[in-house]
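Notes for the one structure printed next.
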Amino acid sequence: KSESGNTGETVCTMRESIEGTIKDYPFDRYLFSLPIFGVSARTGGAGTETTADDSYQSVPMRVYDSTSELNTWEVVVYPISTDYQDEFEDIDAVSSGMNQGSVEFLIDAKRDRYTILLVLIVCLLMVASMMSVVLMGISVSLKYRPPTVQALVWAAALTFSLIQLRTLMPGAPPVGATLDILFYFPALLMTIGGSIWILWHWMRRADYGI
């Protein structure tokens, strides 16, 4: 508080997410709005402890965004007027709002292209592992390949590798995303089924060989 009884205050209010859900990983996108208000308050007088008789007045301000590097994310900040009817980055509207003590920033965050590329590569590896075990199971069923212990161990190793592949997802998305429903769960179930199928044929070998 200054000697004249004036206090300056900047109020920042983060609004709720306008859009975005982790289920869309890695194509999830989040849009936030951050209103900022500059307020000057004068107390009712010396010795006044309550704020009931305080007066408030907006003060001009200047706010500049400085977006630093955020790992695995692309973040863009748009200055806009606090009136949503104004167009984005309307310089006149934003300057007028700052002169009246208010401005708003629209924050747009999405995964960067390298993160998306890595996730797609992991998904391809999941599909490749699934197809390998399925094709091996079909080959054993049609007697094109013998049901050996080596084939069984190989199928089991691919099954457990899928669990490890899931942990390579950048950002550690929670289980249950659309990506899991489309790739991870089907690949895991198919490799488990293929491994059990090869085990069944190996157990039924008449020569007991390995």
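The values are calculated or read from the model by the stated rules, or taken from the named source; none is laboratory data. Since we're looking at a predicted model, the values are computed, not measured. Backbone-built Cβ (ideal geometry, glycine too); neighbour counts: all protein chains shown. Ligands, DNA and RNA are excluded from the accessible area calculation, which covers all protein heavy atoms including side chains. Shrake-Rupley method; radii C 1.70, N 1.55, O 1.52, S 1.80 Å.
Computed from backbone phi with θ = phi - 60° and the Karplus coefficients 6.51, -1.76 and 1.60, the 3J(HN,Hα) list for region 106-122 is 9, 9, 10, 10, 8, 5, 6, 5, 6, 5, 4, 5, 5, 5, 5, 5, 4 Hz; x is used for glycine and proline. Between amide H atoms placed 1.01 Å from N, distances below 5 Å from Arg145 occur with Val140, all of them 5 or more places distant or on a separate chain.
Do any chymotrypsin sites (Phe, Trp or Tyr not before Pro) in region 130-210 lie in a loop, going by DSSP, with at most 12 other beta-carbon atoms within 10 Å of their beta carbon, and if so which?
Hits after loop and neighbour filter: Tyr144, Tyr208.
Taking the three principal axes of the alpha carbon atoms in region 101-195, the coordinate ranges are 79, 19, 17 Å, sorted in descending order.
Largest accessible area first, the listed residues Glu74, Glu69 line up as Glu69, Glu74 when surface is computed with a 1.4 Å probe on the assembled protein chains.
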